[in-house]
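See structure below.
The values are calculated or read from the model by the stated rules, or taken from the named source; none is laboratory data. These numbers come from a predicted model, not from an experiment. Quick reminder, even Gly has a Cβ in these numbers, built from the backbone with ideal geometry, and neighbours come from all protein chains shown.
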Amino acid sequence: MPFRTRYTGLIAKYRDRLPVSDDARPISLGEGNTPLIRLNNIPKDLGCDVDLYVKYEGLNPTGSFKDRGMTMAVTRALEEGSQAIICASTGNTSASAAAYAARAGMKAFVLIPDGKIAMGKLAQAIMHGAEVLQIAGNFDAGMRIVKDMADHAPVTIVNSINPYRLQGQKTAAFEIVEELERAPDYHCLPVGNAGNITAHWIGYCEAAGRRSDHLTDACSFCHGQCRYASAIVGDRPTMVGYQASGSAPFLRGEMVEDPDTVATAIRIGHPQSWDYAWKASQESGGWFDECSDEEILEAQRWLAAREGVFCEPASAASVAGAMRDIRNGKIPEGSTVVCTLTGHGLKDPDIAIQQSANAISTIPAELDAVRSAILDRL
Ligand SMILES: *Cc1c(COP(=O)(O)O)cnc(C)c1O
């Protein structure tokens with residue numbers, strides 16, 4: 001029996017559609033190729049006839065979609081002879097940067113906010129040997145410092161302002177259209193720095209064989225020619241971005257100075273891809289909306305308990321918002337909807353346990369006690 005070709009990461013798979021030079025040596029951990037899971041129970045619970053999928057990006061090597069961008073950014077940094085990378089991070093970018101730097105034999109400096117970083121993410125950065133610098137300030141403060149640092153120290157920035165990050169992240173859209181053999185009608189994402197919604201729009205445009213008329217800077221590699229476009233499908237989806245209410249600059253129409261939400265990965269008041277994301281949203285006919293922390297945590301529990309899919313709180317914002325817009329008809333019956341689940345639930349065990357501490361009962365270590373506990377609960 002013939003062997004199937006081994007999957008070795010998204011640069012190997014999409015090399016002809018990515019700005020990677022012929023002699024670049026890809027730094028990969030096998031990122032991408034994540035499952036697109038069709039939800040069976042939640043649409044029934046909602047009483048709505050929609051084809052609802054989640055793209056489970058939590059199954060990337062370090063547990064978030066950041067790996068798609070990081071394989072590109074680190075491959076490029078190494079090729080350019082850089083010895084160190086740096087990022088500001090709410091957690092997942094630092095975990096990913098640390099892992100890919102380790103793989104490449106480079107040093108990683110990560111600036112994290114004081115407090116409000118999920119334990120799993122911090123553990124990853126430390127274990128992968130990053131230099132973790134905690135600053136007395138939030139993500140936006142860290143981002144400002146990192147943007148200046150490139151002029152003062154020989155380090156490559158691997159935040160999503162690095163254009164190679166968005167190029168890597170666009171491949172999620174390629175995978176979705178390949179699997180569905182069409183573009184979804186709606187694509188819903190949580191929005192923090194707004195790089196991912198931008199990257200998805202670039203990817204969907206290219207998969208439809210065209211370029212975005214408005215994102216010509218963001219996909220600057222194409223120089224207006226869009227040499228990465230290859231018409232696989234005819235349509236592009238409507239892009240919908242959801243923010244946490246306490247951290248929702250796209251809803252307020254201006255930057256937010258003191259963002260706050262339980263969804264720490266999107267606790268960002270000054271999105272770096274502000275202009276791009278507005279353009280992607282408008283060009284696709286989409287919209288932004290906000291979800292309360294309660295809605296986000298409820299959607300996280302529903303996904304875990306009703307579908308067996310555990311994502312981190314920020315990720316659940318996409319499903320929380322989509323469920324609301326499906327119920328209220330903004331997303332019409334009969335639609336095909338994809339929600340990105342950006343990160344794995346194990347990243348942030350504290351939030352999960354805080355919410356469900358009373359789900360655990362203590363009983364005697366005896367057969368009778370266990371038997372009656374079972375019979376009571378069946
Ligand atoms: C980074 C991140 C986001 C936000 O993505 P942006 O590109 O900054 O909008 C959302 N969820 C998780 C889990 C993340 O790590």
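With Leu375, Leu346, Leu367 as the choices, which residue is surrounded by fewer than 20 Cβ atoms within 10 Å (Cβ to Cβ), touching a Gly at 6+ places or on another chain (Cβ under 6 Å) and hydrophobic (A, V, I, L, M, F, W, C)?
Numbers: Leu375 fails: touching a Gly at 6+ places or on another chain (Cβ under 6 Å); Leu367 fails: touching a Gly at 6+ places or on another chain (Cβ under 6 Å).
Going through Leu375, Leu346, Leu367 in turn, just one is surrounded by fewer than 20 Cβ atoms within 10 Å (Cβ to Cβ), touching a Gly at 6+ places or on another chain (Cβ under 6 Å) and hydrophobic (A, V, I, L, M, F, W, C): Leu346.
Restricting to segment 65-103, and then to whatever is assigned to a strand (DSSP E or B) and within 13 Å of the ligand (Cβ to nearest atom), can you tell me which residue is modelled with the highest pLDDT?
Taking the candidates together, the pick is Cys87.
Kindly list the number of the only condition in (1) in a helix (DSSP H, G or I); (2) touching a Leu at 6+ places or on another chain (Cβ under 9 Å) that fails for Ser160.
For Ser160, the exception is condition (1).
So that you can scan it fast, the table gives a plain yes or no per residue for (1) more than 12 Å from the ligand (Cβ to nearest atom); (2) out of contact with any Cys (no Cβ under 8 Å at 6 or more places or on another chain); (3) at pLDDT 95 or above; (4) not acidic (Asp, Glu):
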site	(1), (2), (3), (4)
Ile176	yes, yes, yes, yes
Glu179	yes, yes, yes, no
Pro184	yes, yes, yes, yes
Ala194	no, yes, yes, yes
Ala208	yes, yes, no, yes
Ser220	yes, yes, no, yes
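Give the residue that is farthest from Asp67 (Cα to Cα), with candidates limited to residues of segment 316-337 that are within 15 Å of the ligand (Cβ to nearest atom) and in contact with a helix residue (DSSP H, G or I) (Cβ under 7 Å, 6 or more places away or on another chain).
That would be Ala320.
Condition check: surrounded by fewer than 21 Cβ atoms within 10 Å (Cβ to Cβ), over 19 Å from the mean Cα position of the chain (by Cα) and assigned by the TED database to the domain that holds Ala244. Does Arg182 satisfy that?
In short, yes.
Would you be able to say whether some residue in segment 325-335 is closer than 23 Å to Leu59 by Cα and in a loop (DSSP other than H, G, I, E, B)?
Taking segment 325-335 and keeping what is closer than 23 Å to Leu59 by Cα, we get none.
Checking segment 325-335: not a single residue is closer than 23 Å to Leu59 by Cα and in a loop (DSSP other than H, G, I, E, B).
Taking segment 104-133 as the region of interest, how many residues are assigned to a helix (DSSP H, G or I), surrounded by fewer than 17 Cβ atoms within 10 Å (Cβ to Cβ) and either in contact (Cβ under 8 Å) with a residue 40 or more places away in the chain or within 14 Å of the ligand (Cβ to nearest atom) (or both)?
Counting residues in segment 104-133 that are assigned to a helix (DSSP H, G or I), surrounded by fewer than 17 Cβ atoms within 10 Å (Cβ to Cβ) and either in contact (Cβ under 8 Å) with a residue 40 or more places away in the chain or within 14 Å of the ligand (Cβ to nearest atom) (or both) gives 1.
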